[in-house]
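Worksheet for the structure shown next.
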């Protein structure tokens, strides 16, 4: 059968006949005259090469071929109706939805508190399931495409570097700073490149490989740092620095907050480092989904509290 020649209205008529089992009632249900419905049935029979509905006392009964087609036709029409239906308003107060969002520990620390406070007031039935990203700078586009994730937040590349169909929003920009404990011997003299490289470091490392982009930059200067501790947990680094002679490079916002409670000092990083862009990613098919739109807006509002460079 040539699908291109099949009128969608014939499938609507087919569905009505399945439900009503009567030509007159089926015609009334979809706003056709009885002769028009009979004509639709004849066209269906010709298209599928089957009688589809046999006359029985009081109406019609579907043939085995019609019954075999029924589930697929109903499902197809349901999907089409959903696709063309007017978008529903999202009622956050009564919504009971679980959103899976990939984020680093740092993002959780920055955003989950204010976000959950907001949801508690406006959408208590919404659940956030945080998933860990495998790499800090690598967007989990495969998981977004397969619907394992609804969104991802991290230091991801600019939109032009993303796959087609992945959309993004910059939440904030952030530079890095160097932190040392208060009273560190290196603070008694100018803190330059060689002092930085010669110090013992603690660094945030998620992968087994303990070489990072800072090591690459230092190599370009003919220098090598001494990595004493590699930890996958960024937010513990200020505490480690405050209790030792280690130094670390961390995002400025983390340093600003940690300095309120820990005896640490903040210095510029003595190497050129680009600012990092904290971005939220999602797939194009969810761009107009009312629930997703609502949640992304709340995340963006909470992210607005982060200081920008």
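The values are calculated or read from the model by the stated rules, or taken from the named source; none is laboratory data. Here the structure is a predicted model, which is why all the values come from computation and not from measurement. Heads up, the Cβs are rebuilt from the backbone with ideal geometry, glycines too, and the neighbour counts pull from every protein chain shown.
Does any residue in the range 169-198 that is at positive phi come within less than 6 Å, Cβ to Cβ, of a residue that is surrounded by fewer than 20 Cβ atoms within 10 Å (Cβ to Cβ) and modelled with pLDDT of 90 or more six or more places away or on a different chain, and which pairs are these?
Hits for this filter: zero, empty list.
Looking at the range 160-189 only, could you name the residues that are at pLDDT below 90 and either surrounded by fewer than 14 Cβ atoms within 10 Å (Cβ to Cβ) or more than 29 Å from the chain's Cα centre (by Cα) (or both)?
160, 161, 163, 164, 165, 189
Run residue 253 past the list (1) farther than 27 Å from residue 160 by Cβ; (2) part of a helix (DSSP H, G or I); (3) not assigned by TED's automatic domain parsing to the domain that holds residue 127 and report the number of the one that doesn't hold.
Failing condition for residue 253: (1).
For residue 244, work out the one condition from (1) surrounded by fewer than 14 Cβ atoms within 10 Å (Cβ to Cβ); (2) within 30 Å of residue 217 (Cβ to Cβ); (3) out of contact with any helix residue (DSSP H, G or I) (no Cβ under 8 Å at 6 or more places or on another chain) it doesn't fulfil.
The number of the failed condition is (1).
Return the residue satisfying two criteria in turn: it lies in the range 106-123 and is under 18 Å from residue 95 (Cβ atoms) and either in contact (Cβ under 8 Å) with a residue 12 or more places away in the chain or surrounded by 13 or more Cβ atoms within 10 Å (Cβ to Cβ) (or both), and of such residues it is farthest from the chain's Cα centre (by Cα).
Among those that are under 18 Å from residue 95 (Cβ atoms) and either in contact (Cβ under 8 Å) with a residue 12 or more places away in the chain or surrounded by 13 or more Cβ atoms within 10 Å (Cβ to Cβ) (or both), it is 122.
Only one residue in 36, 68 is in a helix (DSSP H, G or I) and under 47 Å from the mean Cα position of the chain (by Cα), so which one is that?
68
What number of residues within the range 16-36 are modelled with pLDDT of 90 or more, out of contact with any helix residue (DSSP H, G or I) (no Cβ under 6 Å at 6 or more places or on another chain) and under 18 Å from residue 70 (Cα atoms)?
Number satisfying all stated conditions: 2.
When the range 44-94 is examined, which residues are found to be under 16 Å from residue 9 (Cα atoms) and in contact (Cβ under 8 Å) with a residue 60 or more places away in the chain?
Scanning the range 44-94 gives 73, 76, 77, 80.
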